[in-house]
Amino acid sequence: MSALRVACAGAGYFAQFLYQSWFRLERASVVGACDLDPTRAEATGAPAFADLGAMLEANGPDLIENVLTQTAHDESFMNISGFNRGTER
């Protein structure tokens, strides 16, 4: 079974705990971290992005963890909901 490809939107304080959890799971691979602050995205240890759409296109994740602040959820959800990997589930 191949690893679940996980991308995370957001890399603030609370997000660090979610990244740590994903990295510990053997059947998951964190393929991207996105934050408006590139330094925070880089600090996660995952491939870093400042643009959510670019991360989704570059990495084709199976799962997207949205760990953004409440005020950023609506815009990010619209971006995520428009993402299509081209595969049927």
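Scanning residues 5 or more positions from S29 or on other chains, those with amide H under 5 Å from its amide H are L4, R5, V6, with H placed 1.01 Å from N in the peptide plane. Reported value for the range 4-72: 72 Å³ per residue, from the convex hull of its C-alpha atoms.
Converting phi to 3J(HN,Hα) with the Karplus coefficients 6.51, -1.76 and 1.60 and the offset θ = phi - 60°, the range 55-68 yields 5, 5, 5, 6, 10, x, x, 7, 9, 10, 8, 9, 10, 7 Hz in sequence order, with x at every glycine or proline.
Distance between the modelled labels on T39 and M1, one decimal in nanometres: 4.0 nm (7 Å Cα→Cβ projection). Remark: C8, C34 ranked as C8, C34, counting other beta-carbon atoms within 10 Å and listing the fewest first. Couplings 3J(HN,Hα) of the range 37-48, computed from phi: 9, x, 5, 5, 5, 5, 5, 6, x, 9, x, 9 Hz, in residue order, whole Hz [Karplus 6.51 cos²θ - 1.76 cosθ + 1.60, θ = phi - 60°; x for Gly and Pro]. Peptides 18-26, 55-63 ranked from most to least packed, by the mean per-residue count of other Cβ atoms within 10 Å: 55-63, 18-26.
None of the figures in this text is laboratory data; all of them are computed from the coordinates on show. Here the structure is a predicted model, which is why all the values come from computation and not from measurement. Cβ: placed from backbone, ideal geometry, glycine included. Neighbour counts: every protein chain shown.
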